[in-house]
Structure formats: structure tokens, C-alpha cells
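The values are calculated or read from the model by the stated rules, or taken from the named source; none is laboratory data. It should be emphasised that the depicted structure is a prediction, and the values quoted were computed from it without experimental measurement. Cβ placement follows ideal geometry from the backbone for every residue including glycine, while neighbour counts extend to all protein chains displayed. Only protein heavy atoms, including side chains, enter the accessible area calculation; ligands, DNA and RNA are left aside. Shrake-Rupley method; radii C 1.70, N 1.55, O 1.52, S 1.80 Å.
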Amino acid sequence: MTAPIAVEITGVEKRFGDHAVLHGIDLAIGENEFVSLLGPSGCGKTTLLRIVAGFEHATAGSVRIRGEDVTGLPPHRRPTNLVFQRGALFPHMSVAENIGYSLKLRGWPKARIAARVDELLHLVKLDGLGGRGPTQLSGGQIQRAALARALAPEPSVLLLDEPLSALDLKLRQHMQLELRAIQRALGATFIYVTHDQTEALVMSDRIAIMNAGRLVQVGTPREIYTRPASIFASDFIGETNLVTGSVAGVEEGVVTLVTPGGLRVRGSASVPLAAGSTATLSVRPEAVRLRKGDPADATPDEIGGTIAEVVYLGSRVRIEVAAPDGTLLWADLRDAETTGLERGMVVLLGWPADAAGVWPGSEGAEG
């Protein structure tokens, strides 16, 4: 990261009684960067966001914003603002009054408040709706108004806690692009909490994957997707095939795994692996190639199997193949590549060894 650091989280831990929620979190976020905290429910991402905001206090560690240690400061003394899951607009105020409320508390002149409100209404595409009440807005409009209200005092860092989770799919997808465009237009630093992997991939400069109170991996969307650092990261981001077995051999970085049922698969070692140890291979469905053929004609990177299911998904067709040991593997193909493929057909499927990663441990292991 070459940009100046906007937020520096160092050694942050959080305990509620005997229960540890966060374990030594270290994360630096650059100026004008959009970083998503991504992970399953209960992984600690919202707790971490609230610690940055000042609504929770870390048991250990520190938070610095633009070089200032804010660890002990209350929320109103931090250069941050927080957007919650639901807009939570004041119901007795108009949209414009909601947006300008914090500026009124700061003693801004009325003319300056009005100018700032108009600027933000235009930014979030609510021109002409400033006089409406919250009950007269759609779900997407409420979230845009809440965003404008949070942006009004020009915080150094905007914190967003799953603000699109209550919206329907189409609106959520639209708002993802709008939110990203707003962040770029402002050149602001956004820290965004989500459990939605697609949301994180679409909007983020970098993604910080969390699991069980720990950072599993931090990287760009492309890095996270194409070079996951663990079984958990591979499984949580995107869709993947996971095959667990024993390491039969490692040659020039290529690992051969054998499942309990005797299926042999190959992939690239991510870390040193000992012969006989348990490991898991991950390969994306789009990396799997499939062809008609006799299993006796399989190459070293192919296995035979029987088509168990064909699922049409519009832009692609997903083929589920059952290997002889019962392992189920998915291949995502273009429609034109699936001509003549039917359930019950014997096929060969495979992937280049460098398209699959192999990590120690079994499926379901923590990151």
C-alpha cells in the first residue's frame, strides 16, 4: 500500500468476559481507500468497526486515525461517522433536516447548511426530495439519505455496517455501484462491513477476510479470488470445489492427493506438505474442463466420472460430475460447450495443476 495511512489498527483484541471476540488484529487502511471487512456472522467484523468508531473499547491494542491515537476518545471526538444497517432517519424531520442536523449542532450558519445539504442531495441523487419525510422514501432512497447525513460533517473516515443488507437484490446491486461511485467522487476513506462476498468483490479496493475473530487474508479482490491464502478464504470467496485427501507425493510444487475412496487429484502446493498428511485441494468451477471420453484415456490431470446434474444458469451452464469414489465436482462451461452433454453420460474432467491450490488440513478448518 503506497497511499498515506488513514486508519491504523494495531494489536486490537476484544473480550466480553471470558469470551474472546478479536485476536490481535493488525490492519492499515490507506487514504481514499475502500476496504471491506468480510466474513461470516459472528466473526468480529462489526465489533472491529465499532472499536474504530469508538462505540466499543478494545481490551488491548490501539487505533490511530491520520496519525492521531484515538483509542481512548469517545465517538464524537473522532473524525469518523457511522452508517448503520438501516437508515434510522429521524421520522419527525424532512430529508434535508436529517442531513443537516449534525451541522446545525456544530453551529454552522443556515446558508452554509443549506448549501451543503443541496450538494449532498445531488451527490446521492436525491435532488428535489429534501422536503420529503422518511416515510415517503423507498428503501434505497432512505439509505442514500442516511449516507448523505453521515457525509455531511466531512468525516475523515466513513464506517458502514452492512447498509445494503435490508434491500432487495436488484436494488442492492444498483446501490453497490452508486456507493462505489460516491466514494470515488469524494476521494474518501470507506471501511465497509459485509458478509456478502459479491458485494465486497464489486466495491472494494482491498478486502480483509475475517474468521473467528482473526484476519485470514488481506488483498485486492483479484488477489483474494485467484490466490486465496487458506481453505477458508478459498471457500468463502466465490464458489469452489474442495477435495480432501492424503498427500501421496509432491514433485516440483505439484501435489498429488488421494481421497479415502482412491480418487487421485493434483494441484499446486501453497505451503510445504509432508507425505501422508491430510490436505485439501480447491479448484474453481470455471477452471475445470470437461470432455467426452473413456476414463482409460484420461491424462494425469484428468479423472473420469458420470454427469449427475446439468444446471442452466443463463450466462453459463453448471455440470455436476460424480467421480467413482462419490466425490462431486462442478464445472462451469459456456452454453456452446455443453452440446450433447446429458445426465448419466461418462466424461473426463480435469484442470491444470497450477489452477488448483492445496492447503494442509481438511474442509471446514478455520482460516
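Among the candidates V193, V202, the residue that is in a strand (DSSP E or B) and among the β-branched types (V, I, T) is uniquely V193. The residues of region 205-217 that are of a type in the set (G, A, S) and either in a loop (DSSP other than H, G, I, E, B) or surrounded by fewer than 23 Cβ atoms within 10 Å (Cβ to Cβ) (or both), listed by number, are A212, G213.
When region 152-169 is limited to residues that are of a type in the set (A, V, I, L, M, F, W, C), farther than 19 Å from S102 by Cβ and open to solvent by less than 30 Å² (accessible area, probe 1.4 Å), the one that is modelled with the highest pLDDT turns out to be L164. For A200, the test of being of a type outside the set (D, E), under 30 Å from V70 (Cα atoms), open to solvent by less than 70 Å² (accessible area, probe 1.4 Å) and at pLDDT below 90 is failed.
Just one of the listed residues (A114, A53, A96) is among the small types (G, A, S), surrounded by 13 or more Cβ atoms within 10 Å (Cβ to Cβ) and within 27 Å of I29 (Cβ to Cβ), and it is A53.
Criterion applied to K104, K45 was being of a type in the set (K, R) and surrounded by fewer than 19 Cβ atoms within 10 Å (Cβ to Cβ), and the one residue passing it is K104.
When R180, R172, R149, R184 are checked against the criterion of being part of a helix (DSSP H, G or I), open to solvent by less than 40 Å² (accessible area, probe 1.4 Å) and among the charged types (D, E, K, R), R180 stands alone in meeting it.
Residues checked against (1) at positive phi; (2) in contact (Cβ under 8 Å) with a residue 60 or more places away in the chain; (3) open to solvent by 30 Å² or more (accessible area, probe 1.4 Å):
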{"residue": "D294", "(1), (2), (3)": "no, no, yes"}
{"residue": "D297", "(1), (2), (3)": "no, no, yes"}
{"residue": "E302", "(1), (2), (3)": "no, no, yes"}
{"residue": "A308", "(1), (2), (3)": "no, no, yes"}
{"residue": "V321", "(1), (2), (3)": "no, no, no"}
{"residue": "P324", "(1), (2), (3)": "no, yes, yes"}
{"residue": "E337", "(1), (2), (3)": "no, no, yes"}
{"residue": "V358", "(1), (2), (3)": "no, yes, no"}
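Out of all the residues in region 57-79, which are in a loop (DSSP other than H, G, I, E, B) and out of contact with any helix residue (DSSP H, G or I) (no Cβ under 8 Å at 6 or more places or on another chain)? Hits for region 57-79 are T59, R66, G67, T71, G72, L73, P74, P79.
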